[in-house]
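Comments concern the structure below.
The values are calculated or read from the model by the stated rules, or taken from the named source; none is laboratory data. Owing to the predicted nature of the structure, the values given are computational and were not obtained by experimental measurement. As a convention, Cβ positions derive from the backbone with ideal geometry for all residues, glycine included, and neighbour counts pool all protein chains shown. For the accessible areas, the whole protein counts, side chains as well, though only heavy atoms, and no ligand, DNA or RNA atoms are used. Shrake-Rupley method; radii C 1.70, N 1.55, O 1.52, S 1.80 Å.
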Amino acid sequence: MVETNEKKGFTLLELLIVISIIAILAVIIILILNPAETLRKARDVQRMSDMATMKIAIGIIVTASSTPWLSGTSGNSLCYGGSGTDSIWYSLSSTDGVIIDTTLDGGTGSIPNSVQVTSTNLNLTDGNGWIPVNFGWLPGRSPISNLPVDPINTIGTLSSVDNYDLVYRYVCNSTDTTFEIDAVLESISFTSNDNKMATDGGDNSNYYEVGTALDILGTGVNF
C-alpha cells in the first residue's frame, strides 16, 4: 500500500463563493452601521450638548445680575429692542468672510446685522468671543471654560445664508433680557425619526433652538 501526501486546497469556485459571501456581508454591515449617518449623529449630539452648556452659562449671568450685558454693551443696545442695530452673532470667524443673512429677522421683518469676531477670539469667554457675554464677570470662575463652535462651522455662500448652514447663532432681547441660541442638526435620527428641531418649543423648525425666549428670531423676512 502506497501512502500519498496529497494536500487538498480550495478550488477556484469555492474561493469565489467565499469572496462573494464576504462581500455581501460587508455591504450588509455598511448599510446597517451607516458610518456617514453615525458621524452626523455624533456631531448633532455635540451640538445639543453645546447648546445646553451655553444656555446654562448665559442663564447664570442673567440671574446673577439685575442688568446683565447680553450684547457686550450697556443697556444691551445691540439686542432686539435696544437703541442700536438689531444684531445676530455667529460662531463663524470674520476671517472667513462677512456674513449677509437675509433668511432671518427679529419677528418684525427687520433683517439683523451679522456680527463676527476673528478666529483667535471665537472661543473667548471674556466678552470678546463670538457670544458677547463676559462670563468672567462672575465672582470666582467663569461657568464655561470656552465658547464652543459648530463641529462643521461653515456657511456655503456668505452673501446668502441658508437654513441648512452648519453654524451657531446667538441673539438677545433688551426688553425682557432674554436670549436665544440656535444650531442646525443634520442626522436623520434627529431631523426625521425624532425631529428635535420641530419639537424644541421654538418658532422655526429649521433650527434647534434653546434659550429663555425661542421666538426672538423670526421664521424669515417675509410673513
Remind me, relative contact order of region 104-223 in percent, using alpha carbon pairs under 8 angstrom and six or more residues apart? 24
Separation between Cα centres of region 44-120 and region 124-190, rounded to whole Å: 7
With an 8 Å cut-off on Cα pairs and a minimum separation of 6 or more residues, tell me the relative contact order of region 55-146 in percent. 26
Å² of accessible area per residue within the chain, as computed with a 1.4 Å probe and no ligands counted: 54
As a check on your grasp of the helix formula, calculate [θ] at 222 nm for the chain: sum -39500 (n - 2.57) over DSSP H runs of n ≥ 4, divide by the residue count, round to the nearest 500. -8500 deg cm²/dmol
Could you list which residues have their amide H under 5 Å from that of residue 80, counting only those 5 or more apart in sequence or on another chain, with H placed in the peptide plane? 87, 172, 173, 174
In Å, what Rg and Dmax follow from the Cα atoms of the chain? 25.2, 108
Efficiency by 1/(1 + (r/R0)^6): what FRET value for residue 141 and residue 192, r their Cβ-Cβ distance, R0 = 45 Å, to the nearest 0.05? 0.65
For the chain, take the longest principal axis of its alpha carbons; what is the angle in degrees between that and the long axis of helix 35-64, to the nearest 10 within 0 to 90? 20
Compute the acute angle (0 to 90°) between the alpha-carbon long axis of helix 12-33 and the principal axis of greatest extent of the alpha-carbon atoms of the chain; round to the nearest 10°. 20
So, relative contact order of the chain in percent, Cα under 8 Å, 6 or more apart, is 21
